[in-house]
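Structure first, then comments.
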Amino acid sequence: MDMEQLYSYVPRELVTFVLVTLFSLLIGLSQRRISLKREGETTLFGTDRTFTFIGILGYLLYILDPTDMRLFMGGGAVLGLLLGLNYYVKQSQFHVFGVTTIIIALITYCMAPIVATQPSWFYVMVVVTVLLLTELKHTFTEFAQRMKNDEMITLAKFLAISGIILPMQKYRMQGIIFRLRIHCSFQP
C-alpha cells in the first residue's frame, strides 16, 4: 500500500503526526543508546523524550502556519537559541565542544515539513542517514586512525581528476569536435 492509498483511509495529518513522532522517537532512542555508553556524563542535552517533543513541536508549529511558516521559523529560532545556550554552558563549564547532538535536534525539528512535503523515500533516507551517522561514530574514528596521512591527499587528487578535470576535458573535446564538424562541412 502506498501513501496515497493510506491517505484514503486515514487523514493525512494523522499519518504525518505519527511518522514525525516515530522518527523523532527513533532518533531520540539512538541518542539514549549513545548516552548509556557514557555513564556519569552530566552534559547530556536530551534523549528519547526530548527529541520526540522537539519533533512534535516542529509538527505543531508547521501545521499552524504551513504557507508562511512564520511560527515554524520562530520556533526554530527559539530552539536554536536554547541549544546555543546549552552549548555555551557545556563549553564554558565542562569544556565539551561537540555540536552533533545540537545538529541532530535541529534535523529532528525539521522532520514535520520534510514528512509533509517530501516523498516517503526522502524522509526515510534522512532518518536512516541520521541514525547511521550517529551510530557509526566509533567506526569513523577507528577508520580515520588507521588511515595514513597521504591517503586523504590521494583521495582528493582522485576526486579532482575524476570529478572536475575529466568532465571539463569532455566538454572541451565536444567543443573541438563540434568546431571541426562545422569547419569540415563548409569546406569544398
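The values are calculated or read from the model by the stated rules, or taken from the named source; none is laboratory data. What you see is a predicted model; the values in this text were computed from it and never measured. Cβ atoms come from the backbone with ideal geometry, glycine included; neighbour counts cover every protein chain shown.
Does Met168 fit the bill of being among the hydrophobic types (A, V, I, L, M, F, W, C), in a helix (DSSP H, G or I) and more than 24 Å from the chain's Cα centre (by Cα)?
yes
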Note to self: Looking at Ser24, Ser8, can you tell me which residue is among the hydroxyl-bearing types (Ser, Thr, Tyr), crowded, with 19+ Cβ neighbours inside 10 Å and either without any contact (Cβ under 8 Å) to a residue 24 or more places away in the chain or part of a helix (DSSP H, G or I) (or both)?
What the structure shows: Ser24
Next item on the list: Would you be able to tell me the number of residues in the range 50-82 that are in a helix (DSSP H, G or I) and either aliphatic (A, V, I, L, M) or exposed (fewer than 13 other Cβ atoms within 10 Å of the Cβ) (or both)?
Entry: 16
Item checked: Odd one out for Ala116 among (1) in a helix (DSSP H, G or I); (2) among the small types (Gly, Ala, Ser); (3) free of Cβ contacts under 8 Å to residues at least 60 places away in the same chain -> (3)
Check: Residue check, Leu159 against (1) assigned to a helix (DSSP H, G or I); (2) at pLDDT below 85; (3) not small (Gly, Ala, Ser), all met but one. Which one?
Finding: (2)
